[in-house]
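Have a look at the structure below before the remarks.
The values are calculated or read from the model by the stated rules, or taken from the named source; none is laboratory data. Treat the numbers as computed from the prediction; the structure is a model and nothing was measured. Because the Cβ atoms are built from the backbone with ideal geometry, glycine has one as well, and the counts that use them run over all protein chains shown.
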Amino acid sequence: MNVNGKTKITGIFGHPVGHTLSPAMHNAAFRSLGLNMCYIAFDVLPKDLPDAVKAVKSLNLLGVNITVPHKENVIPLLDDVNAEAKFMGAVNTVVNSEGKLTGYNTDGLGFMSSLAEAEISSDGKTILIIGGGGASRAISYYLSRGKATDLLLYDIDRSKVKKLADDLNISSDNKVSLLDDIENIGKPDIIINATPLGLNNEDPLPLDPGHLNSETVVYD
């Protein structure tokens, strides 16, 4: 990579970011496409998020991805947010267009694309989503508009998934349900971990592996 005075800077804001593969993937893509661009992982503490967002403008970054724990808190710091991201209540991509910062959410589309790439269909399936944050909202937004038989939501903070379920049931025809006890889920066809569990080696599993069988699809 030849970084010079004309190199355009992009990156990702999160905390922690030491585990992320985003720089490797994006910089490889830039090289392959012959683009004079550079992607950097910025470890941004929650208290520093407002200053980091201002820096996107002042340093003229093309834009940044947003990850845990900033996807929701970044919204009031932006100039505009598109309709899907507003519904999801979370932003994972910020584009700097002539000094105007606009937030988007591509998590749901990325999730659905990865399922299609793996030739996994959600049609007629019982799907469990663990977590009620930004990633969960994005994924459930698309799944609730599909042909899944049941969409089950669980979070240790029930209020998070209660609001999400209410929003989804208003805006879609699918039945979305809440789980009060994750141990009473039976054996869902697809289990999605949309929590931060797994970022650290010492983290516990989000649920008992006994709920899995040889046909279960697990998405982390």
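Summary table below
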read-out: Residues satisfying the stated conditions in the stretch 161-170, i.e. in contact with a Leu (Cβ under 9 Å, 6 or more places away or on another chain) and surrounded by 15 or more Cβ atoms within 10 Å (Cβ to Cβ); value: Val161, Leu164, Ala165, Leu168
read-out: Hey, Leu168 at pLDDT below 85, in a loop (DSSP other than H, G, I, E, B) and in contact with a strand residue (DSSP E or B) (Cβ under 8 Å, 6 or more places away or on another chain) or not; value: no
read-out: Residues of the stretch 153-162 classified as under 18 Å from the mean Cα position of the chain (by Cα) and not hydroxyl-bearing (Ser, Thr, Tyr), total; value: 4
read-out: Check on Ala55, in the same structural domain as Val95 (by TED's automatic domain parsing), without any contact (Cβ under 8 Å) to a residue 12 or more places away in the chain, farther than 18 Å from Thr93 by Cβ and outside any loop (DSSP other than H, G, I, E, B); value: no
read-out: Residue in the stretch 116-139 that is within 17 Å of Gly89 (Cβ to Cβ), surrounded by 22 or more Cβ atoms within 10 Å (Cβ to Cβ) and among the hydroxyl-bearing types (Ser, Thr, Tyr) present; value: yes
read-out: Residue match in the stretch 58-71 (condition: in a loop (DSSP other than H, G, I, E, B), closer than 13 Å to Asp107 by Cα and of a type in the set (D, E, K, R)); value: yes
read-out: Total residues in the stretch 171-195, condition assigned to a loop (DSSP other than H, G, I, E, B) and surrounded by fewer than 16 Cβ atoms within 10 Å (Cβ to Cβ); value: 6
read-out: Close pairs (7 angstrom Cβ cut-off, 6 or more residues apart or separate chains): assigned by TED's automatic domain parsing to the domain that holds Ile182 and in contact (Cβ under 8 Å) with a residue 60 or more places away in the chain in the stretch 201-215, assigned to a loop (DSSP other than H, G, I, E, B) and surrounded by 10 or more Cβ atoms within 10 Å (Cβ to Cβ) anywhere; value: Pro206/Thr195; Pro206/Leu197
read-out: Hey, Asn105 of a type outside the set (Ser, Thr, Tyr), in contact with a strand residue (DSSP E or B) (Cβ under 6 Å, 6 or more places away or on another chain), at pLDDT below 95 and closer than 25 Å to Gly131 by Cβ or not; value: no
read-out: Selected residue (criterion: nearest to Thr67 (Cα to Cα)) from residues of the stretch 22-55 that are surrounded by 12 or more Cβ atoms within 10 Å (Cβ to Cβ) and among the basic types (Lys, Arg); value: Lys54
read-out: Number of the condition not met by Tyr142 [criteria: (1) touching a helix residue (DSSP H, G or I) at 6+ places or on another chain (Cβ under 6 Å); (2) in a loop (DSSP other than H, G, I, E, B); (3) of a type outside the set (Val, Ile, Thr); (4) surrounded by fewer than 21 Cβ atoms within 10 Å (Cβ to Cβ)]; value: (2)
read-out: Tabulated pairs, the stretch 97-123, first over 15 Å from Ile190 (Cβ atoms), second part of a helix (DSSP H, G or I) and modelled with pLDDT of 95 or more, C-beta under 6 angstrom, 6+ apart or interchain; value: Gly99/Lys57
